[in-house]
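Here is the structure we will look at.
Since every read-out is calculated from the coordinates, none of them should be taken as a lab result. For clarity, every value in this text was computed on a predicted model and none was experimentally measured. Methodologically, a virtual Cβ is constructed for each residue, glycine included, from the backbone with ideal geometry; neighbour enumeration extends over all protein chains shown.
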Amino acid sequence: MKKEYKKRIDRVVQYIEGNVYKPISLAELADISNFSVYHFHRIFTGLVGETVNDYIARRRIEKAVNLLVFKRDLSITQVALESGFSSGANFSKAVKLYFGFSPSEIRNPDKIKNSKIGKINSKYGKDFDPSCLYPARITNGVMNELNIEGKKMNVEVRDLEAKRVCTLASEGGYEPEYIYKAWDKLIEWASNNGIESKEQERFAFAFDNPAVTPIDKCRYTAAIVVGADMQIKPPFSQSEIPSGKYAVLYFKGTPEETLRAQLSIYSDWLPDSGFEPDNFPLMERYINDARVDGYIEMEIYVKLKEI
């Protein structure tokens, strides 16, 4: 029954993610979950760990702040309106309350006095430093710092065919313990179903920016490519990597450098590429086992669409 409950709440979360900028009613979400409107809210809070309103508010403001950083051609008022806020003033108040900084301070960390650090909504207990969010500050020289065998990292555009995948979500966000737990279960499942370890094509869907979202709230899903006839049963799920063009960046380094490598695509490559990110999460394709080798070797994928 717990698996059935989780599946129904996952439908609600997916709906919220696709409509987070629009007004969403509790009755509407209860109907999607097929739970009684009288009990839906308690079930959602129990499984997700946040109230419905808190979840929607957090996701709306997190996405808005990412727009502030990566869509610098938009004014703060435009970001506010595109993010579902009624005005630039209301948006500024909400951002200041949640992050401890105004939208203009987040966009221009050099102008912040006294190098203060805010705290994201006290209940999450996450320190927030705009300098770590703003990619121009993080990625100055990143292409030189993260050399692979003496060569600078290069982004290439690849055409991918659709891939059917078996997935398992981390129950603790980006916390390494929970990521490895999900991978151990998924790798064992694949091996038991005839996909040898060396033959496994391993991807991860990284939905959230850990510079903005509390680590345990970041959504991370492990995925292994499977054939069309492979049967997939709970707790595993079936999904698909869609066909299309992807920006692909090869990376080899420490876990701490991973975020900088990801952001380098958005800040150093995308603005002059003729593309923008499509509505699909960032992916990582793992080449090695970091626990064995002590470093991460992977390719970072961003699905593209033409501007």
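May I ask you to derive the FRET efficiency for ASN19 and LYS245 from their Cβ-Cβ distance with R0 = 41 Å, giving the value to the nearest 0.05?
0.95
Give me D for the range 2-49 in µm² s⁻¹, whole number, from Stokes-Einstein with Rh from the Kirkwood sum over alpha-carbon pairs, 10 °C and 1.306 mPa s.
148
Which residues make up the longest stretch of the chain clear of GluC sites (Glu not before Pro) that lie in a DSSP loop with no more than 11 other Cβ atoms within 10 Å, not counting the sites?
1-148
With a bin width of 10 angstrom, please list the P(r) values of the range 158-227 as percents of all Cα-Cα pairs, from the 0 bin to the one holding the largest distance.
21, 45, 28, 6
Please work out, to two decimal places, the log10 of the ratio I(q)/I(0) at q = 0.08 Å⁻¹ from a Debye calculation in which every Cα of the range 155-306 carries one identical scatterer.
So the normalised log intensities work out to -0.22.
Would you mind checking the pairs LYS123/LYS303; LYS71/LYS252; LYS181/LYS233; LYS2/LYS163; LYS6/LYS217 and listing those with alpha carbons more than 24 angstrom apart?
Those over the limit are LYS123/LYS303; LYS71/LYS252; LYS2/LYS163.
Relative to the present Cα-Cα distance, how much length would full extension add between THR51 and GLN78 at 0.36 nm per residue of separation?
Full extension of this stretch gives 6.9 nm more.
For the pair ASN193/ARG158, report the inter-label distance in nm, with labels modelled 7 Å from Cα in the Cβ direction.
2.2
What number in nm² do you get for the chain if you take the convex hull of its Cα atoms and divide its surface by four?
17.2
Assigning unit charges at the beta carbon (Lys, Arg +1; Asp, Glu -1) and nothing else, what dipole magnitude in debye, to the nearest 20, does the chain show about its Cα centre?
Magnitude of the dipole: close to 1120 debye.
With n ≥ 4 as the cut-off for DSSP H runs, can you work out [θ] at 222 nm for the chain, using -39500 (n - 2.57) per run divided by the number of residues, rounded to the nearest 500?
-12000 deg cm²/dmol
Along the Cα-to-C-beta direction of ALA228, a point sits 7 Å from the Cα; which residues of the range 160-180 have their amide N less than 19 Å from that point?
Within reach of a label on ALA228: 160-166.
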